[in-house]
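Let me begin by presenting the structure, written as structure tokens, before commenting on it.
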Amino acid sequence: MVSTLSNNGQQLLSKMATSDGHGEKSPYFDGWKAYENNPYHASDNPEGVIQMGLAENQLCYDLVQEWLLKNPKASICTPEGVYDFRDVAIFQDYHGLPEFRNAVANFMGRVRGNKVTFDPDRIVMSGGATGAHETIAFCLADPGDAFLVPTPYYPGFDRDLRWRTGVQFVPVACDSSNDFKITRQALEAAYEKALEDNIRIKGLLITNPSNPLGTFLDRDTLRSLVSFINEKNIHLICDEIYAATVFAGQPDFISISEIIEEDINVECNKSLIHVVYSLSKDLGFPGFRVGIIYSYNDAVVSCARKMSSFGLVSSQTQHLMASMLSDDEFVDKFISESAGRLATRYELITCGLGQVGIRCLKSNAGLFLWMDLHQLLEEQTVEAEMSLWRVIINEVKLNVSPGSSFHCPNPGWFRVCFANMDVQTMDVALSRIRDFMDKSKKRTRPKKKLCWQASFRVSVSSRRIDDIMMSPRMSPHSPLAQSPLVRART
Ligand SMILES: Cc1ncc(COP(=O)(O)O)c(C=O)c1O
């Protein structure tokens, strides 16, 4: 533990620096640490922990590599592209390269089936969706103000929107009784409660498609959200970073942009609508830190653009992405191939789980599924969920993320990522789950206390996240370089 106190006990650092705003003391991060201490490797460490807590899209890198080989001029580090080096290296305008903004706008439209177009002049850059969320929070709310957030939600939001802005969240209770649908009633209840508590609500934050549910919102729900925020005169922030991970579903994914631009039944003050996007999930490039704020509010576009100086996308990345994303043939092939591969993965894992009696929420998007193990809990409490989770980490050796870390109101749900590994590793994971279920059936036959009710501990070393990030295993050249702590905020 690094001390932040001086010899006479005085606090040396700011309140913000010494607060727990990052949220690293959560099982979500503990699971990553457990994996980090003992990472699975087919030959070097076959008994290690398999990482299923990382929402990464690693299924289509072959397509990207093929494109890079065919387009050497897109990179300033090749003999063909080096002549652009100087211009790219000195570029530092916070508006971004015009060709980058055009290409991103084009990509965002194609990902949404060309049902809506995006104006390149409204595209603002940020350091991933992480940076985009913080910038939006800074633009829309003052310290102490709050956003409504339907549960369950991505744990990183607690850090991204709240830590440095002083903004709060008011959860909107959505639960398993109706497959976690966001109802008008739940929204009203959360809003009224906030008023009673003297909390000023500035907006509603949604993720569509949802992390962790892997589902997307239907037209009626989107319409009802739009009418709710218009009535209350609050903002709507739509995180659509999983838009191109939709692999099934009829009707198709509907973006909030389509609702407010094309739906004649919807009346909306567009200046209340803001879309957060990134290339981290749809393309699988979380390392490039390409985040986008697309706001329909001119003042927000202007302010966010000035703030983007704190987290610009490097001009080298902009240059490469401008070429790649303006290649329509590549983009269309990537989107359809990626959806196909995700669908195959989803089938494989849900079938495997179904065979041993494990039910998952029916989903059609995302890089994960939402697994229901509530029937394995001794009692329906968060404590029992945590006990089961410790067994899954320590005995089954799988890092899945417990629902409580997503603020899920019903205990026993777990998020399982399936697109960050090869199919052989997925098979190993499934066979471990099969063994575990067989054993647990034997154990539960004469109804007695389940073994995971004993006090297991996650065998996580006391190294802090910063130490882990500095570990030599984190070298990008290491075959074990799989650090979610460094590479992902998933
Ligand atoms: C819903 C959601 N929003 C934002 C992020 C952060 O994305 P980025 O890597 O672009 O910062 C994640 C990462 O998992 C996410 O799931």
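No lab work stands behind these numbers, since they all come straight from the coordinates. Because the structure is predicted, anything quoted here is derived from the model rather than measured. Positions of Cβ are generated from backbone atoms using ideal geometry, with glycine treated the same way; all protein chains shown enter the neighbour counts.
Counting only Cβ charges, +1 for Lys and Arg and -1 for Asp and Glu, the dipole size of the chain around its Cα centre is about 1560 debye. Here's the picture: charge each Lys and Arg Cβ at +1 and each Asp and Glu Cβ at -1 in the range 74-330, and of I292, S210, Q168 the one pushed furthest to the positive end of that dipole is Q168. Under the convention that each Lys and Arg Cβ holds +1 and each Asp and Glu Cβ holds -1, the size of the dipole of the range 74-330 around its Cα centre is about 520 debye. Every Cα-Cα pair of the range 1-53 was included, and the share exceeding 16 Å stands at 60 percent. Checking the table K202/K333; K362/K439; K25/K281; K397/K442 against a 28 Å threshold on Cα-Cα, which pairs fail? K202/K333, as the Cα separations exceed 28 Å there.
Sequence-distant contacts, meaning Cα pairs under 8 Å at least 6 residues apart, place the relative contact order of the chain at 23 percent. Packing, as the average of other Cβ atoms within 10 Å across residues, places the peptides 87-94, 431-438, 169-176 in the order 169-176, 431-438, 87-94, highest first.
Sequence-ordered 3J(HN,Hα) estimates for the range 356-364 from the Karplus curve with 6.51, -1.76 and 1.60 and θ = phi - 60° stand at 9, x, 9, 9, 10, 5, 5, 10, 8 Hz, glycine and proline given as x. Think of the chain as a dipole: +1 on every Lys or Arg Cβ, -1 on every Asp or Glu Cβ, centred on the Cα centre; then among S405, F368, I201, S405 lies furthest on the positive end.
Packing around the peptides 7-16, 61-70, taken as the average count of other Cβ atoms within 10 Å per residue, puts them in this order, highest first: 61-70, 7-16. Counting beta carbons within 10 Å around each of D218, D44 and listing the fewest first gives the order D44, D218.
The relative contact order of the range 74-330, computed from alpha carbon pairs under 8 Å that lie at least 6 residues apart in sequence, is 29 percent. Taking the Cα centre of each part, how many Å lie between the range 47-119 and the range 417-434? First find each Cα centre; the distance between them is then 28 Å. Working note: 222 nm ellipticity from helices only, DSSP H runs with n ≥ 4, each -39,500 (n - 2.57), summed and divided by the residues of the chain, gives -11500 deg cm²/dmol to the nearest 500. Based on the convex hull around the alpha carbon atoms, the range 74-330 presents an average projected area of 13.8 nm². Put in line by how crowded their Cβ is, counting other Cβ atoms within 10 Å and starting with the fewest, C77, C60 read C77, C60.
As a test, work out the antiparallel percent of DSSP beta bridges whose residues both lie in the range 74-330, rounded to the nearest 5.
Values: 10 of 27 bridges.
In the range 74-330, approximately 35 percent of DSSP beta bridges are antiparallel ones.
Among 353-362, 286-295, 25-34, the peptide with the highest mean count of other Cβ atoms within 10 Å heads the list, and the full ranking is 286-295, 25-34, 353-362. Judged by the gyration tensor of its Cα atoms, with axes a ≥ b ≥ c, the chain is rounded; a/c sits under the 1.5 cut.
Cβ crowding within 10 Å, taken as a proxy for footprinting-reagent exposure, orders D121, D197 from fewest neighbours to most as D197, D121.
Rounded to the nearest 20, the size of the Cβ-charge dipole of the range 96-164 about its Cα centre is 280 debye, with Lys and Arg at +1 and Asp and Glu at -1.
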